[in-house]
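The values are calculated or read from the model by the stated rules, or taken from the named source; none is laboratory data. In this text the structure is predicted, and so the values were computed from the model without any measurement. Don't worry about glycine lacking a Cβ; one is built from the backbone with ideal geometry, like all the others, and counts go over all protein chains shown.
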Amino acid sequence: MSRQPRNGWFRLLELLSAHTLIKVGEFAFDTVLYATVVYLCASAWGPLWGSLYAFLIMTPLSIAVCYIYLRIYDWLSYDWLGIEALKRAKASGSQSFPGWKGTLIRKSDWFAFLALSLHADPFFTVAYLRPCTDAYAGIRKSEWLIFIGSGIISNAYWTLRWTVLIEVGVWAWKQMHHVFGAA
């Protein structure tokens, strides 16, 4: 099922639509679902235990979703997200990633692992870090550690992020309610 990537405007539109589809899914998962689970858990068990329970709920769910993305990516055997093109650009010495995150990603695979785990998710991390020769080959035994480790780091970040945002929001709401009284 392997196809050659298109060039020009069609390729740009293809990449934009693929990344838009991924971003919509990420918004639904990372913003709507994640925030809801963290809020409900923190409301039920407090910020410390609630965030731990939210992490334990969301991590396996997140890893499962990323595994499905990876299976689809491998099944299509087509670089619909531009990941393989970025790997080829990195191998040729190109400045394929701009900015400070790009500097870290180009520096070494360890930095790429950390940056992609915090900025993206295990699907992108594994797809980017596996060798170009293993594109669309699934997760090898040696790559499962990268996949699971990226999932743990990514979900620890999202859990901490949402716990802080929710706790600050709840505190601000209580302060406003205290100052302005019940409406």
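When F97, F147 are checked against the criterion of being modelled with pLDDT of 85 or more and out of contact with any His (no Cβ under 7 Å at 6 or more places or on another chain), a single residue qualifies: F147. Quick check on segment 18-38. Is at least one of its residues surrounded by fewer than 17 Cβ atoms within 10 Å (Cβ to Cβ), more than 17 Å from the chain's Cα centre (by Cα) and over 25 Å from I148 (Cβ atoms)? Looking for residues that are surrounded by fewer than 17 Cβ atoms within 10 Å (Cβ to Cβ), more than 17 Å from the chain's Cα centre (by Cα) and over 25 Å from I148 (Cβ atoms), one finds none in segment 18-38, hence no.
Of the residues making up segment 42-95, those that are under 24 Å from K107 (Cβ atoms) and aliphatic (A, V, I, L, M) number 6.
With respect to (1) under 18 Å from the mean Cα position of the chain (by Cα); (2) in a helix (DSSP H, G or I); (3) modelled with pLDDT under 90; (4) among the aliphatic types (A, V, I, L, M), the lone exception for V65 is condition (3).
Close Cβ contacts (under 7 Å, 6 or more residues apart or on different chains) running from residues in segment 161-181 that are farther than 22 Å from S51 by Cβ and surrounded by 10 or more Cβ atoms within 10 Å (Cβ to Cβ) to residues that are modelled with pLDDT of 95 or more and not charged (D, E, K, R) are absent.
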